[in-house]
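Single-structure report; data block below.
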Amino acid sequence: FPSHDIDMYKDILADYNLKPYSFLSLFYGIDVKDFRPTDIILTQFDTLVKYAKAIGVKKLIFGSPSLRKKIKGWEYFVEDIFTELDKMLKGTGISVIIEPVSKEWGTEFWFDVKEIVDFINYYDLKNIYTMIDTQNCMLQGEDPSLIYKQYRHRINHIHIAEPGFGKLKNLEMHMKFSNAIRDYRDVITHEIAVKEEFRESIKTFSEIYK
């Protein structure tokens, strides 16, 4: 655990008056292709938890669609990893958020919130949650407002995005969802990757999700 890296990162954050809220792309650059190397995956989570504690991050967002393959025994690998991870997180104040990722991204399980909540409830995980991503809801043909209402107790993060990560266009859906989450008291993240549409979309996002 290279403390000098953390110190340098803290200095950069302080220089720009930034406070990170969550970690994403948790397995970027890590040579794993599915859930079989449980030791490597748990070691990476352990490192991430240490980094998160050091700089005050409270949420680790687990997307990693390339890992979600139904290889032989995948259910047992997933059980081992996330039950151990739940123990690792106990008392840290840090949560892992399993992001639902549509099959359009090549995933073979955990497409939607219900599937993830069923998994969390089955193993009675205390420090692992799920989230709503409006892009994923659209790809799955779901209404995010209904999903939020049904699974509010297990939702601990929200991404606002459109298919293709362009500017917000489905404004009626976003207005409805904004009203549905009035009791949500945490950060709401807007994901956009189209540079030319960034300013316009941020303005729209700020007006709808104020």
Can you give me the number of residues within segment 168-201 that are open to solvent by 60 Å² or more (accessible area, probe 1.4 Å) and farther than 17 Å from E99 by Cβ? 15
So, in segment 3-23, exactly how many residues are open to solvent by less than 80 Å² (accessible area, probe 1.4 Å), within 23 Å of D186 (Cβ to Cβ) and aliphatic (A, V, I, L, M)? 1
Residue satisfying condition, being more than 22 Å from the chain's Cα centre (by Cα) and touching a residue at least 24 places away in the same chain (Cβ under 8 Å), within set E207, E197, E172, E191: E197
Go through segment 123-144 and count every residue that is within 20 Å of F77 (Cβ to Cβ) and either touching a Gly at 6+ places or on another chain (Cβ under 9 Å) or part of a loop (DSSP other than H, G, I, E, B) (or both). 4
Go through Y9, Y76 for me and flag whichever is touching a residue at least 12 places away in the same chain (Cβ under 8 Å) and over 24 Å from H153 (Cα atoms). Y9
So which residues in segment 8-23 are assigned to a loop (DSSP other than H, G, I, E, B) and either closer than 20 Å to G73 by Cα or in contact with a helix residue (DSSP H, G or I) (Cβ under 9 Å, 6 or more places away or on another chain) (or both), if there are any at all? L18, K19, P20
Please tell me if L125 is among the aliphatic types (A, V, I, L, M) and open to solvent by less than 10 Å² (accessible area, probe 1.4 Å). yes
What number of residues in segment 168-210 are over 29 Å from V117 (Cα atoms) and not small (G, A, S)? 11
Kindly provide the set of residues from segment 92-149 that are closer than 17 Å to K176 by Cβ and among the charged types (D, E, K, R), ordered by number. D133, E142, D143, K149
Considering segment 142-165, residues that are at pLDDT 95 or above and of a type in the set (G, A, S), and then whichever is nearest to K58 (Cα to Cα), we arrive at A161
Name the one entry in M131, M138, M173 that is in contact with an Asp or Glu (Cβ under 9 Å, 6 or more places away or on another chain), under 21 Å from D86 (Cβ atoms) and of a type in the set (A, V, I, L, M, F, W, C). M131
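The values are calculated or read from the model by the stated rules, or taken from the named source; none is laboratory data. These numbers were taken from a predicted model, which means no experiment stands behind them. Virtual Cβ from ideal backbone geometry, glycine too; neighbours counted across all protein chains shown. Protein only, heavy atoms only, side chains kept; ligands, DNA and RNA dropped before computing areas. Shrake-Rupley method; radii C 1.70, N 1.55, O 1.52, S 1.80 Å.
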